[in-house]
Amino acid sequence: MINPSRIRILAVGKVRKGWVQEGVALYCKRLPGLVITELKDSTMAKEAEAITAVLHPDERLVVLTGELRDFFDYYCSSRHI
């Protein structure tokens with residue numbers, strides 16, 4: 001079983017939309033301890049920098065996006081992975 005207190009969602013933009021806020025509230029209710037952090041929507045480079053800045057060394061990054069290849073290519077090249 002997944003321990004929600006060990007899960008942190010970094011949401012880039014769009015969290016302020018009503019239907020997204022309803023979903024966030026539902027997940028937080030169902031998974032006590034879940035942390036959802038909103039990051040400012042910007043360019044791919046700035047978003048990757050913001051994620052890198054808040055990502056802890058012991059955390060794993062799972063990216064859910066429509067632009068996965070672009071983000072993954074940028075993120076990996078900037079971290080030299």
Cross-link partners of LYS40 among lysines (Cα-Cα below 17 Å; sequence separation of 8 or more within a chain):
LYS14, LYS17
Multiply the residue separation of TYR27 and ALA53 by 0.36 nm, subtract the distance between their alpha-carbon atoms, and state the gained length in nm to one decimal.
6.9 nm
Probe 1.4 Å, all protein chains present, accessible-area order of GLU38, GLU47, GLU22, largest first:
GLU22, GLU38, GLU47
Provide the solvent-accessible area of LYS17, counting protein heavy atoms only and rolling a 1.4 Å probe, rounded to the nearest 10 Å².
100 Å²
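The values are calculated or read from the model by the stated rules, or taken from the named source; none is laboratory data. Given the structure is predicted, the values throughout are model-derived calculations rather than measurements. Ligands, DNA and RNA are excluded from the accessible area calculation, which covers all protein heavy atoms including side chains. Shrake-Rupley method; radii C 1.70, N 1.55, O 1.52, S 1.80 Å.
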